[in-house]
Amino acid sequence: MKASLSRYYEYVSKQPCLACGSPNVELHHIKGARSLKTRLRLKPRDGIAEYAVVPLCSECHRTSDKSVHALDQEAFGIQRLGGSASVLEWALSFALEYLADNR
């Protein structure tokens, strides 16, 4: 793993769970991110898509029947995040915040 990616994952993992606020999180890799240039779907965990992650506790990530894996990302955003922003929009906000703090 690239050092810059490792530092970014460390930064995101220090944030609380997006859905419940728990400090004990794991990273959820966003699926379905698209290239702004080509609009083609990016492969998760490949290239720039590796940075499309959000912090979720294990229950909100994968173990609950209301987790992002039990629902889909869109439904999770609506039901668990209040519909204010999609999971992908949250990932983008973390990336922009990280870049602003680490210039």
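The values are calculated or read from the model by the stated rules, or taken from the named source; none is laboratory data. Because the structure is a prediction, the values reported are computed rather than measured. Here the Cβ is made from the backbone with ideal geometry for all residues, glycine too, and neighbour counts use every protein chain on show.
One table, with the values for the structure above:
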quantity: Residues located in segment 70-91, provided they are of a type outside the set (F, W, Y) and touching a residue at least 40 places away in the same chain (Cβ under 8 Å); calculated: Q73, R80, L81, V87, L88, A91
quantity: Long-range neighbours under 7 Å by Cβ, at least six apart or interchain, first residue among the hydroxyl-bearing types (S, T, Y) within segment 22-39, second surrounded by 14 or more Cβ atoms within 10 Å (Cβ to Cβ) and modelled with pLDDT under 65; calculated: S35/L42
quantity: Residue match in segment 57-72 (condition: among the basic types (K, R), at pLDDT 90 or above and assigned to a helix (DSSP H, G or I)); calculated: yes
quantity: Failed item in (1) surrounded by fewer than 17 Cβ atoms within 10 Å (Cβ to Cβ); (2) in a loop (DSSP other than H, G, I, E, B); (3) at pLDDT 90 or above, with A19 passing the rest; calculated: (1)
